[in-house]
1. Do you know which residues across the range C:26-53 are aliphatic (A, V, I, L, M) and more than 9 Å from DNA strand E (Cβ to nearest atom)?
2. Among C:148, C:183, C:169, which is the only one that is assigned to a helix (DSSP H, G or I) and either buried (at least 16 other Cβ atoms within 10 Å of the Cβ) or within 13 Å of another protein chain (Cβ to nearest Cβ) (or both)?
3. Give the range B:73-129 a look and list any residue that's among the hydroxyl-bearing types (Ser, Thr, Tyr) and under 19 Å from residue B:49 (Cβ atoms), or say none.
4. Would you tally the residues in the range C:69-100 being out of contact with any Leu (no Cβ under 9 Å at 6 or more places or on another chain) and either without any contact (Cβ under 8 Å) to a residue 12 or more places away in the chain or farther than 25 Å from residue C:144 by Cα (or both)?
5. If a residue must be more than 12 Å from DNA strand F (Cβ to nearest atom) and in a loop (DSSP other than H, G, I, E, B), how many such residues does the range C:1-14 contain?
6. Any chance you could count how many residues in the range D:135-145 are surrounded by fewer than 20 Cβ atoms within 10 Å (Cβ to Cβ) and assigned to a helix (DSSP H, G or I)?
7. Residue by residue through the range D:15-47, note down the ones that are without any contact (Cβ under 8 Å) to a residue 24 or more places away in the chain, within 21 Å of residue D:99 (Cα to Cα) and not in a helix (DSSP H, G or I).
8. Tell me whether the range C:81-104 contains one or more residues that are of a type in the set (Val, Ile, Thr), away from DNA strand F (no atom under 15 Å from the Cβ) and crowded, with 19+ Cβ neighbours inside 10 Å.
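Read-outs throughout are calculated quantities, based only on the coordinates presented, and are distinct from any laboratory measurement. The shown structure was predicted, so the numbers you read here are calculated from the model rather than taken from an experiment. Note that each Cβ is placed from the backbone with ideal geometry, even for glycine, and that neighbours are counted across all protein chains shown.
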4 protein chains.
Amino acid sequence: MGRKQSFTESELLDMTKKLVLEHGYDGFHLKLLSEHLSGARSTIYQYFSNKEEIVAACMKRVMVKVLEKALAIDETDPMDALEQLLLVYVEESALHQLLGQAGKINVANSSAAAKDLEFIDEAHTTLKVQLSRLFERAQQNKGLRQDIPLPVLIGVFFNLIDTPNMMNIPAPDWGKLLFQMWIGGARS
Amino acid sequence: MGRKQSFTESELLDMTKKLVLEHGYDGFHLKLLSEHLSGARSTIYQYFSNKEEIVAACMKRVMVKVLEKALAIDETDPMDALEQLLLVYVEESALHQLLGQAGKINVANSSAAAKDLEFIDEAHTTLKVQLSRLFERAQQNKGLRQDIPLPVLIGVFFNLIDTPNMMNIPAPDWGKLLFQMWIGGARS
Amino acid sequence: MGRKQSFTESELLDMTKKLVLEHGYDGFHLKLLSEHLSGARSTIYQYFSNKEEIVAACMKRVMVKVLEKALAIDETDPMDALEQLLLVYVEESALHQLLGQAGKINVANSSAAAKDLEFIDEAHTTLKVQLSRLFERAQQNKGLRQDIPLPVLIGVFFNLIDTPNMMNIPAPDWGKLLFQMWIGGARS
Amino acid sequence: MGRKQSFTESELLDMTKKLVLEHGYDGFHLKLLSEHLSGARSTIYQYFSNKEEIVAACMKRVMVKVLEKALAIDETDPMDALEQLLLVYVEESALHQLLGQAGKINVANSSAAAKDLEFIDEAHTTLKVQLSRLFERAQQNKGLRQDIPLPVLIGVFFNLIDTPNMMNIPAPDWGKLLFQMWIGGARS
DNA sequence: AATGAATGAGTATTCATTCAT
DNA sequence: GATGAATGAATACTCATTCAT
């Protein structure tokens, strides 16, 4: 019954992701969004009751995907696991960039957005715990140099994710390259 | 005696830099700016004729400083020069972040902004040329590994700049740490 | 310095009072308001930051006036005092009607509105205390019939205020008439 | 077998009455209405073609009921008749309150609404005639004081209807109480 | 030169009404 | 019939920019 949907919730969130990455949270407007979908601006309110909810839902969806992939990694060998983890983060590098905008969402307006952001926060903690666990085990295995503080090693590892892939190397290869750079450095 | 002097152009640009870094280009408003200065919002128009010009001028000023520092580096030893260059970029990491917003400036409105952005573009090229020169010489000196494409080495080098300095290590030390990570990698 | 105001805050609140009485809270729009003032709709935001604040401020202003008048009444003779009080309420019958709309103001949006409504609430209590005091003394003086519950006497007294003055009798006379009706009833 | 029956027209009008009394005409929305009924918002248009018609029909229905009751009153003794009339109006006090909103209905949109409002207007006149008739006879019988203009006596009588029944006294008793207040006044 | 005030254009959001299944 | 979905028009509010003192 009822008319056919002009766009699905999933299409809406996909486009939101794209546009927030492109324009940042403040540059993201519902007018912009509707112009990239096949329906009217007001139709968006059939799915979400305000801008905050849309972006929060979008972030949550990305986080869920990353969480699933990250927690599926075999952690037997910490160094291998870190490499795989880096690949996950590289594949979903949007997460890192999106989450940088999470602080701008005005939670006061929308409890649904607040709930989503809370979920994201918890998931973030889960991921940090996994990362710390792997780094500690890697260090115990004498796999990591000791002359550089662990937080710096981690920070650089994390920052690698956002390195622009200018040569458009396929994700798996790109992940491997970055990991090797991180592990072995640039010196011959 | 004239009216009391409100803020200076330099104060205006300093605050603009701070606020653009904090809120991004779209989150940066003249209202916000004037609230962080000692005069009225309309006084801003004594110095610049629109928002675009302000941000462009701000970017240009940062670029000029970086350019001076970068071109003053002694390039005798390419590896040393790269380390010093990284330090410059780390000290002025605002440049990298600001320039990420340059594309959002609507140049159609303002020729002054257009001119500034053009200058920035040229300077950017100049810096890229310097970087390529140093990298090539480093590679010729067999200083850099060959199994990773040069653009990747450069991309990772550049991306290091934005690594968040969570432990608040002083800039010179922070620069050295990052350079060592880049050179030597994380493996013990 | 600066331009001349196109309308004053007082004009704004006067017109708000008139329009809220005419159209009710839900029928009161800022567009409507601006159409009855000499400036643009957006100029209203120089004075108040949202619709809620405007209406709350308007109500508070009316309440302050009523409070001053009511507390200035000489309470030596309770019956006389009640008559004077009725006159006050009749002169400012807007208060009663406005306050009927107070519950519709969404306080969540605006702390200024919340503060004003709180003030109104306290003032309301003060007025009720005064009214109860006078009624009790009138009853002790055997001035009021005992076969009708006091709350009903009070309720009817209060409700008189809103009786439409169709013959446009001047306020003091109108107040006296109503008081006599209340006191003596309609029977000859 | 057809589709499941959603709400009936009568349910629709009952709920409309309740909601208009609760929220006023401007605060009454079809969305709100449908949320308080068992069907979809669009189903409302099976019964009425716009919002104006709904409210007008609702008012008419209440008016019809009041008219029937009022015209059934035995007018032998005008004073008794007035008491019974007051009871009718108190029982259906919604009428008075609803009719206060009638002026807000935009008749231009809907001829059906216009027709209903016209009916209401005529009925209103009928009731006023009845009221005037009874008042005049009561006055001729020397039942009403002469020192107060008849319109004021009528106005106060009518206004009694809206006195809030805070003690929740049953309608017949409440009507009697109000009538006695009106007749005899508050003085002991 | 400095600024308080005015404003128009732009975005967010709501809701009556219409479509199409 | 009944309804889920689409939508355009209307209002709330913000902010860059212009005026006038």
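1. Listed by number, the residues that qualify are C:30, C:32, C:33.
2. C:183
3. Across the range B:73-129, the qualifying residues are B:110, B:111.
4. So the answer is 10.
5. The number of residues fulfilling the criteria is 2.
6. Residues in the range D:135-145 being surrounded by fewer than 20 Cβ atoms within 10 Å (Cβ to Cβ) and assigned to a helix (DSSP H, G or I): 4 in total.
7. D:29 - this is the single residue of the range D:15-47 that is without any contact (Cβ under 8 Å) to a residue 24 or more places away in the chain, within 21 Å of residue D:99 (Cα to Cα) and not in a helix (DSSP H, G or I).
8. yes
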